[in-house]
1. Only one residue in T78, T82 is closer than 30 Å to A260 by Cα and either small (G, A, S) or in contact with a Ser or Thr (Cβ under 9 Å, 6 or more places away or on another chain) (or both). Which one?
2. Based on this model, can you work out whether D59 counts as more than 16 Å from ligand 1 (Cβ to nearest atom), among the acidic types (D, E) and touching a His at 6+ places or on another chain (Cβ under 9 Å)?
3. Name the residues in segment 100-116 that are surrounded by 13 or more Cβ atoms within 10 Å (Cβ to Cβ), away from ligand 2 (no atom under 16 Å from the Cβ) and part of a loop (DSSP other than H, G, I, E, B), would you?
4. Keeping to segment 205-240, report how many residues are on the phi < 0 side of the Ramachandran plot and either of a type in the set (S, T, Y) or not in a helix (DSSP H, G or I) (or both).
5. Would you pick out the residues in segment 53-82 that are farther than 19 Å from H221 by Cα, within 16 Å of ligand 2 (Cβ to nearest atom) and surrounded by fewer than 20 Cβ atoms within 10 Å (Cβ to Cβ)?
6. Assigned to a loop (DSSP other than H, G, I, E, B), among the hydrophobic types (A, V, I, L, M, F, W, C) and surrounded by fewer than 19 Cβ atoms within 10 Å (Cβ to Cβ), is that true of L95?
7. Report, by residue number, each residue of segment 153-173 that is surrounded by fewer than 21 Cβ atoms within 10 Å (Cβ to Cβ) and within 19 Å of V65 (Cβ to Cβ).
8. Going residue by residue through segment 135-153, is there one that turns out to be closer than 26 Å to D204 by Cα, within 16 Å of ligand 1 (Cβ to nearest atom) and among the basic types (K, R)?
Amino acid sequence: MTDQRQEAVPVVPVDVDAHNSNSAASDTRINQAGGLQIQGLVKQYPHSDHPVLNGISLDVPAGKVMVILGPSGSGKSTLLRTVAGLESMQGGQILMDGKPLDRHDVGMVFQSYDLFPNKTVLGNIIMAPMLVHKRSKEDATAEAMRLLERVGLADRKDAWPHELSGGQRQRVAICRALIMHPRIMLFDEVTAALDPEMVREVLDVIVELADQGLTMMIVTHEMAFARAVADRIVLLDGGKLVEQSDDAEAFFTHPQTERARQFLHTFAFERGHHAQNLDDQA
Ligand SMILES: Nc1ncnc2c1ncn2[C@@H]1O[C@H](COP(=O)(O)OP(=O)(O)OP(=O)(O)O)[C@@H](O)[C@H]1O
Ligand SMILES: [Mg+2]
């Protein structure tokens, strides 16, 4: 997985231009590559006396993968939920190609697989495109089947959610988001509730999406995956970005801040050779 992804990095932005051609062509003042820009984002929950996100600024260029790391409670889920339009914001702005991000352009998959229990796999996937995009059942079904094929679940189209493994449900949840043609996909610890054997099948799907040039923000505690899939990495702590790197490999091998070094060490302890690497470079 790691090797394929790293070889693929230089050629990733293949069909990104088709995706963004309109806005990119019509306004050359904006960041040429297009993509998501978060500027000075402040989020404070009602009845709380301090902001959970305190002036977050970051860019996710079109076709790139941003991995967000950070300890529990640092604001990672809140950041994704705010980008997805599920939370109000108290300051700053979130732009896509220089314009306010439309939440319909955002797809999100959560840790808890939230498929509708009373709909089949296919029923779950075609519901939103039919309701929201007014697509015909035939048309939505044809695309749903192509997506299921991609994630290796075409033969489970008539299954009910309770008949699927957690990894299969997450792959269906990914299809359900993709059929809405999001311009950016957000993944919040999508493998955290899975048995270890199912983690890989879900991560492989995400890596494939990255290789195809889908713009993504990913929160994960799977460090080997983060290292393999990330174009950019940020470390959140206490609602602030403490380190930001557009060279994911350098972040893992030469973290610039003491906080990042400490954070990586908590994982490195579980993986002896990483601890060794960090110590060697210290
Ligand atoms: N709905 C809410 N109302 C009030 N406070 C909240 C709410 N949701 C989250 N918080 C607080 O915001 C902070 C950030 O929470 P968040 O869930 O974004 O962290 P996280 O980085 O995703 O953590 P984890 O790794 O445990 O998932 C925490 O202090 C949390 O208690
Ligand atoms: Mg979270």
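No lab work stands behind these numbers, since they all come straight from the coordinates. None of these values were measured; they are calculated from a predicted model. Counting neighbours? That spans all protein chains shown, and the Cβs are built from the backbone with ideal geometry, glycine included.
1. On the way: T78 fails: either small (G, A, S) or in contact with a Ser or Thr (Cβ under 9 Å, 6 or more places away or on another chain) (or both).
Answer to the selection: T82.
2. When the stated conditions are applied, D59 does not pass them.
3. Correct list: L101, L115.
4. We begin by selecting, within segment 205-240, every residue on the phi < 0 side of the Ramachandran plot; these are 205-212, 214-237, 240.
Those left that are additionally either of a type in the set (S, T, Y) or not in a helix (DSSP H, G or I) (or both): 212, 214-222, 230-237, 240.
The number of residues fulfilling the criteria is 19.
5. Result: no residue meets the conditions.
6. no
7. Selection gives nothing.
8. no
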